[in-house]
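Beneath this line is the structure, given in structure tokens, with notes to follow.
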Amino acid sequence: MENSQYKTLEIVQKPTNSRVFNLYMNRPKFRNALSRDFFSEFPRALSSLDQNPDVAVIILSGIGESFCSGIDLKTLTSIVAGLHADRGRTNERIRREIKAFQDAITAIEKCRKPVIAAIHGACVGGGVDIATACDMRFCTEDAFFSVKEVDLAITADLGTLQRLPSIVGHGNAMELALTGRRVSGLEAKQMGLVSSVFASKEALSNGVSAIAEGKLALYSLLFIPNSLLLIDCFQLW
């Protein structure tokens, strides 16, 4: 798989004959904070995997200490740049940029291959947007989650507020969105945010790979796309 076209991502097939592909967020020095490049590259990478007949399952994870530490502050700053210049044009530009960011995350849901989030370390802000869009979520014991936007006096408008209630329930979603408090991996399991918790990053990698290489990879091209479509439709009702 060609990786030279990506600055913020890496795609790995391991072993080389596997139908499970790993999509890594690859900005470890910045704890995989989401840059403009990421929002451009991420939907392209997902589309390429979706259209690749050799791909049955996608595992999404982060290189380094964290899954994702949220949107890069430089990106946030650039969005609101010139806010006091021409208010009308600036508001329209901001609307378009946020819509593009939303579409990049929604690309996970549009992918007809199952996408599994393997989460370790921080999963904060935009990281929660990404995780909640995935079809399955697993994490390590030391993982933590936070809908951090409230601490920055902004709204979590890349999908968390729409997806989280159907995953953890309305009450839990409201509490997390309004307080921004940190949720441990074990509490995330109790809430239903993740399916299982693993003792270490290595155990997480091995465990999720085993799940993906099992019936998921076997059934993916035959039955799973229709199941994903039906589940998504029922969520909209």
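The values are calculated or read from the model by the stated rules, or taken from the named source; none is laboratory data. Quick caveat: nothing in here was measured; it's all calculated off a predicted structure. We place every Cβ from the backbone using ideal geometry, glycine too, and count neighbours over all the protein chains shown. The accessibility values were calculated without ligands, DNA or RNA, using every heavy atom of the protein model including side chains. Shrake-Rupley method; radii C 1.70, N 1.55, O 1.52, S 1.80 Å.
Over all other residues within a Cβ to Cβ distance under 11 Å of residue 139, the charged ones net out to 0, with Lys and Arg as +1 and Asp and Glu as -1. Summary of the geometry: segment 2-47 and segment 115-149, compared by the centres of their Cα atoms, lie 16 Å apart. When the charge dipole of the chain is built from unit charges on Cβ atoms (+1 for Lys and Arg, -1 for Asp and Glu) and taken about the Cα centre, the candidate among 179, 104, 90 whose Cα reaches farthest toward its positive end is 90. Along segment 112-124 the Karplus relation, 6.51 cos²θ - 1.76 cosθ + 1.60 evaluated at θ = phi - 60°, assigns HN-Hα couplings of 8, 9, x, 10, 9, 8, 10, 10, 9, x, 7, 10, 10 Hz to successive residues, with x for each Gly and Pro. Here segment 24-180 is treated with +1 on each Lys and Arg Cβ and -1 on each Asp and Glu Cβ, and its dipole about the Cα centre works out to around 460 debye.
Please report the net charge: other residues with Cβ closer than 10 Å to the Cβ of residue 196, K and R +1, D and E -1. Here the count lands on +2.
Against the empirical curve 2.2 N^0.38 Å, the C-alpha radius of gyration of segment 1-110 lands at a ratio of 1.22.
The candidate values are [x] 25.6, 92; [y] 17.4, 56; [z] 29.0, 102; the one derived from this structure for Rg and Dmax of the Cα atoms in Å carries the label [y]. Within the accessible area of the chain, the carbon and sulfur atoms contribute 57%, probe 1.4 Å, all protein chains present.
Among residues other than residue 14 with Cβ under 15 Å from its Cβ, the summed charge is -3 (Lys and Arg +1, Asp and Glu -1).
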